[in-house]
Amino acid sequence: MLQWLPENISTFGQGVDNIFHIIYYITLVVFILVMGTLIIFLIKYRHQAGQKATYIEGSTTLEIVWTAATTVIVFGLAMLSYPQWNQIKSPNEFPANPDVLVQVSGKQFNWDMTYPGPDNELGTDDDLELENELHVPVNAVVHIRLTAEDVIHSFFVPQLRLKQDALPNRFINVWFEATKTGRYEIPCAELCGFGHSGMLGYLNVHSQADYDAWVKERWPQ
Amino acid sequence: MHDNEHASHHHEESFISKYIFSLDHKTIGKQFLIYGLIMFFVGGGLALLFRWQLAYPERPVPIIGASEKYMEEGEVTTGADKMWERIYETDEEEWLEVNMPNGVIEPAFYNMLFTMHATIMVFFVVVPILVGAFGNFLIPLMIGTRDMAFPILNMLSFWLAVLAAIIMAIGFFVPGGHAAAGWTGYAPLSADPQWTGVDWGQNLWAISLLIQGFSSLVGSINYITTIINMRAPGMTLFRMPLVIWSLFIVAILLLLAFPVLSSALALLIFDRLAGTTFFTATAEGGGDPLLWQHLFWFFGHPEVYVLILPGMGIASELIPVFSRKPIFGYRSMVYAMIAIAFLGWIVWGHHMFQSGMQPTLGSAFMMTTMLIAVPSAIKTFNWLGTMYKGSIQFTSPMLHSIAFVSMFVIGGLSGIYMANAPVDGFIHDTYYIVAHIHYVVFGGSLFAIFGGIIFWFPKMYGRHMNDVLNKIHFWLTFVAFNCTFFPMHILGVGGHMRRISNPMQYEFLQGFQGMNIFITMSAFTLGAAQLILVFNFFWSMSRGKVAEKNPWHVNTLEWEAPTPVPHGNFVGPVPTVYRGPYEYSVPGEESDWIPQVQPEHAPATGGD
């Protein structure tokens, strides 16, 4: 199962994968134990002529044991996940001062990327708008100001382990730091209309030098 | 006693009052069952259509699709080509021409197909069968009374459901097509026709669900009143069979949850028809798309437990009967169901982890959601405990119950992944979710439904279903089900989004196409296998082996009633209950079962 996960290219992605692996092994063990027990019971206690079932109404001890054991496991899993969750989504725990800031706006059926330009302020003359192409440098903190123009879309980069819905008239801060250069797909993950399938942008992760060159080309001064 | 007085009302009834506008809970239960089975085929057929598109994107569906030659060169070679030729010759835009020209499923039609598949399966199949059919048929019989508390309301509940189904069906044929915003109907997509092109389809969807809500509401009031007030003498709450407990808890959930959906639907209709903006955010102000999600899931999560709790109840009846043993930990089974129902109210936010909801709120919902694993585990272990040292008979109902438990284990374990907010960030809105819901609702609820139908069929129709057909149906369904839905976990782990009509548009998904084809093949097998069940069901009604009064040797009260069950259920006074429902293989007893009506002659063993 695990080998089907797409390659991870974000700093927080490894943490997500680690939790995924932990849950995978816990659930795998539970599954094998429960199914194994079930199959053994089905064979061992199948109806046989002349054999009667044993009258057992239950066991308070067992009820307490499996209630407590399950509680401890799920409680532990939740505690383990809080730091990871906050690191990805909680604006208070983001790395401050991004290297790159981009506004990404979903609209039927494209991703509009707006770069603030040299003044680092959106809504000014030097803004650059690109359709479906997002360019960022590798190993740099990127902040995305995510919004939508019409309906709900969802910004999804499988390799970043990142998904965030984009809502009209709401600006949600999203961050990531890519660790590998390349071109990755940005599908829309929330049903957004008849063009939902195929709503697709690209995340271009450049080396710092390539990114600088790209910036220079766009804003020559 | 009013019982005797009631029993004497055995006047002849006309065909209409006996079979159509019947007030008898058993007839209404059977009506709901047949209603659910018919809708099961509609919902399943829609799924097969969109599965075709996922396996073979942009290719015409079999049988009615045009040939390649016709599509490329316009040359008519097959019967289907002739049909398309005729359709294109007419001036008006025909339904097929709009939705699937040449038999190729259009993206908008695709959205409509999966929207309506889920809507029908959830609201028109699983709830009507589990709650409407089993609830109506079993509650009075199993608690030992002659009918529901409010028979007229009961009839109303069924006919409102029929009205809702008719309105839902009309939606397929209105201009603009049926609702296509997902069964969850997320606003603003659902709130304004300009985003989907769907006009009256979405309105009818909302109106139909409003009416279905009334039907459920009326039914649940009836169930709650009946269970609280009309139990037979000696039938204390803790002597009730677990399926009655599950239906009682579900009725309370429906009573409290459905009005929330109804309000949300009413607001949605205002948004669409009266120009309000409850669910749309504009620069000038207005409402909030997240409001819809909160309202929908505040209803939706308890609704999910409405879909599974009666399945758990049915399995809890069948497993003791065919293990010839008492249910393991009766009381903890009851408390676990109450715990699941309670937790169901405080977990709705886990559907919204990635919605833009405050992340801290997500943390809280992660914890409450994780906790649901606890009562679910209790139930699973208790079913295993019931089989421990039993004398297990592999009858068809038992096979379905075992499948229920195993599939519920998979569905429960996969739920832990998405309960975990950071992991959900990856698998949310992927096929992982689709796999999970189907393991719970198909693998869980439907296997329980199949088991329950076979088990209670003799009491419903006085005959047995054909056992060979039942076994074939079971094995085909079990294998095809797992081949259909298990690979979806893998698709989800690969990041395959749900609700996309053409996975080939994405580079990172192209490697999964073989798996998509395999899933579609399995889905068609799964669909075909259900024909066996339906044939068997209707054939056995008149041709099945005649059943005796209590063929499975069961303790509960419904088997005390004669077969077929007469109007008024019990001959003479209603039975008196002396013991719990699961007294199987009691030591020192000759028979391995002791009906609930048998007076105590030994120290108390079961129940309260």
Could you please let me know if residue A:34 is modelled with pLDDT of 95 or more and not acidic (Asp, Glu)? yes
Looking only at segment B:43-75, filter to residues that are closer than 17 Å to residue B:522 by Cβ and not in a helix (DSSP H, G or I); which one of those is modelled with the lowest pLDDT? B:62
Is it the case that segment B:574-587 has a residue that's in a loop (DSSP other than H, G, I, E, B) and without any contact (Cβ under 8 Å) to a residue 12 or more places away in the chain? yes
Among the candidates A:160, A:203, A:130, residue that is more than 19 Å from the chain's Cα centre (by Cα) and of a type in the set (A, V, I, L, M, F, W, C): A:130
Extreme residue, surrounded by the fewest Cβ atoms within 10 Å (Cβ to Cβ), among residues of segment A:149-160 that are farther than 22 Å from residue A:208 by Cα and at the interface with chain B (Cβ under 9 Å from one of its Cβ atoms): A:150
Residues in segment B:212-250 that are aromatic (Phe, Trp, Tyr) and under 16 Å from residue B:305 (Cα atoms): how many? 2
If residue A:163 passes every condition in (1) touching a Gly at 6+ places or on another chain (Cβ under 7 Å); (2) touching a residue at least 24 places away in the same chain (Cβ under 8 Å); (3) more than 20 Å from residue A:6 (Cβ to Cβ); (4) not polar (S, T, N, Q) but one, which one does it miss? (3)
If I ask for residues that are closer than 26 Å to residue B:451 by Cα and among the aliphatic types (A, V, I, L, M), which ones from segment B:316-354 would you list? B:318, B:319, B:321, B:327, B:333, B:334, B:336, B:337, B:338, B:339, B:340, B:341
In the set B:302, B:259, which member is surrounded by fewer than 21 Cβ atoms within 10 Å (Cβ to Cβ), closer than 17 Å to residue B:344 by Cα and not aromatic (Phe, Trp, Tyr)? B:259
For segment A:21-71, which residues satisfy the criterion of being among the hydroxyl-bearing types (Ser, Thr, Tyr) and closer than 19 Å to residue B:402 by Cβ? A:37, A:45
Subset of segment B:478-517, residues under 26 Å from residue B:180 (Cβ atoms), assigned to a helix (DSSP H, G or I) and within 7 Å of chain A (Cβ to nearest Cβ), comes to B:505, B:508
Residue check, residue B:296 within 14 Å of chain A (Cβ to nearest Cβ), surrounded by fewer than 24 Cβ atoms within 10 Å (Cβ to Cβ) and closer than 24 Å to residue B:340 by Cα: no
Where in segment B:371-477 are there helices (runs of 4 or more DSSP H), lying wholly inside it, with at least 3 residues that are more than 8 Å from chain A (Cβ to nearest Cβ) and of a type in the set (Asp, Glu)? none
Collect the residues in segment B:333-363 that are surrounded by 23 or more Cβ atoms within 10 Å (Cβ to Cβ), more than 22 Å from the chain's Cα centre (by Cα) and outside any loop (DSSP other than H, G, I, E, B), keeping them in residue-number order. B:349, B:362
Pairs where the first residue, in segment A:83-95, is more than 9 Å from every other protein chain (Cβ to nearest Cβ) and over 17 Å from residue A:140 (Cα atoms) and the second is outside any helix (DSSP H, G or I) and modelled with pLDDT of 85 or more, C-beta under 8 Å, 6+ apart: none
Can you confirm whether segment A:96-106 contains a residue that is surrounded by 15 or more Cβ atoms within 10 Å (Cβ to Cβ), within 13 Å of another protein chain (Cβ to nearest Cβ) and in contact with a Cys (Cβ under 8 Å, 6 or more places away or on another chain)? yes
Do the conditions hold for residue A:58, that is, is it at positive phi and at pLDDT below 95? yes
Quick check on my filter: what residues within segment A:198-221 are in a loop (DSSP other than H, G, I, E, B), at pLDDT 95 or above and under 30 Å from residue B:429 (Cα atoms)? A:199
Give me the pairs: first residue in segment B:67-87 and touching a residue at least 12 places away in the same chain (Cβ under 8 Å), second residue in a helix (DSSP H, G or I) and hydroxyl-bearing (Ser, Thr, Tyr), beta-carbon distance under 7 Å, and six or more apart or on different chains, which are they? B:81/B:70; B:84/B:70
Subset of segment A:1-40 [touching a Pro at 6+ places or on another chain (Cβ under 9 Å) and assigned to a helix (DSSP H, G or I)]: A:15, A:16, A:19, A:20
Search result, residues across segment B:430-463 that are β-branched (Val, Ile, Thr) and closer than 30 Å to residue A:164 by Cα: B:430, B:433, B:434, B:437, B:440, B:441
Conditions: (1) surrounded by fewer than 16 Cβ atoms within 10 Å (Cβ to Cβ); (2) more than 15 Å from the chain's Cα centre (by Cα). Residue A:173 meets all but one. Number of the miss? (2)
For residue B:125, which of the numbered conditions (1) among the β-branched types (Val, Ile, Thr); (2) out of contact with any Ser or Thr (no Cβ under 9 Å at 6 or more places or on another chain); (3) modelled with pLDDT under 95 fails to hold? (3)
Any residue in segment B:276-296 that is at pLDDT 95 or above sitting within a Cβ distance under 7 Å of a residue that is among the β-branched types (Val, Ile, Thr)? List the pairs, counting only those 6 or more apart or interchain. B:295/B:260; B:296/B:184
Within segment A:13-25, which residues are more than 8 Å from chain B (Cβ to nearest Cβ) and buried (at least 20 other Cβ atoms within 10 Å of the Cβ)? A:13
Restricting the search to segment A:41-71, which residues are closer than 25 Å to residue B:589 by Cβ, out of contact with any helix residue (DSSP H, G or I) (no Cβ under 8 Å at 6 or more places or on another chain), hydrophobic (A, V, I, L, M, F, W, C) and surrounded by 11 or more Cβ atoms within 10 Å (Cβ to Cβ)? none
Hey, could you check segment A:187-200 for residues that are closer than 30 Å to residue A:140 by Cα and surrounded by fewer than 23 Cβ atoms within 10 Å (Cβ to Cβ) and say which is nearest to the other protein chains (Cβ to nearest Cβ)? A:198
Can you confirm whether segment A:78-90 contains a residue that is over 17 Å from residue B:370 (Cα atoms), in a loop (DSSP other than H, G, I, E, B) and at pLDDT below 95? yes
Can you name every residue in segment A:167-186 that is within 8 Å of chain B (Cβ to nearest Cβ) and either touching a Phe, Trp or Tyr at 6+ places or on another chain (Cβ under 6 Å) or among the polar types (S, T, N, Q) (or both)? A:169, A:185
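The values are calculated or read from the model by the stated rules, or taken from the named source; none is laboratory data. Every value quoted in this text rests on a predicted model; they were computed, and no experiment measured them. For neighbour counting, all protein chains shown are included, and Cβ atoms are generated from backbone atoms with ideal geometry for every residue, glycine included.
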